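Every number in this text was worked out from the coordinates using simple rules, so none of it is lab data. Everything quoted here is computed from the prediction, not taken from an experiment. Please note: Cβ atoms are built from the backbone with ideal geometry, for glycine as well, and neighbour counts cover all protein chains shown.
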Amino acid sequence: MERLRRKRDLDSVFAHGSRQSHSGLTLRALPVPDSQVVRVAVTLGAKLGKAVVRNRLRRRIREACRLTLQEGHTGHGWDLVMLARAEAVNLDWGQIRAAVTQVFSRAGVIP
C-alpha cells in the first residue's frame, strides 16, 4: 500500500471513482487495471477537532486500510480516498476496522 499524493490523481478519483459510505467514513475508489499497487489517501476536515484528534484518526484509518488490504486484496491496483466525517471521531478501533472492511467489500476492493 502506498500513499496517494498528487492533486491530479485525487481529482481523478473524485471525478471517475465510485462512492461507498458508512456512518463515519466514505470511500472513493477508482480501479487501476494496469497496476498492482493500491494507493490510499485519507482526508479529514478541520471541523473534526484539533490536530491531535485528526492525526490520531488519520493514523487509525490508514492502519485499518493497511491491515484490511493485507488480509484480503488479491486483484489489480486501486486508487482509494477515505473521507472521514464527524461521526468517525467517536468510533473505536474495532468500529473503524469494521467500517473500512465494509466499504472496501462494497466497492469490490476486497472479495
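Under a Cβ-Cβ cut-off of 10 Å, what is the net charge of the residues other than residue 107 that fall near it, where Lys and Arg count +1 and Asp and Glu count -1?
It works out to a net charge of +3.
With labels modelled as points extended 7 Å from the Cα through the Cβ direction, what inter-label distance (nm, one decimal) is found for residue 35 paired with residue 71?
2.5 nm
Quick one: net charge of residue 4's neighbours, Cβ under 12 Å, K/R +1, D/E -1?
+4
Averaged over all directions, how much area does the convex hull of the C-alpha atoms of the chain cover when projected, in nm²?
6.3 nm²
At 18 Å minimum axial length over the Cα atoms and a Kyte-Doolittle cut of -0.5, report the qualifying DSSP H helices in the chain, or say none.
Once both thresholds are applied, what remains is 93-107.
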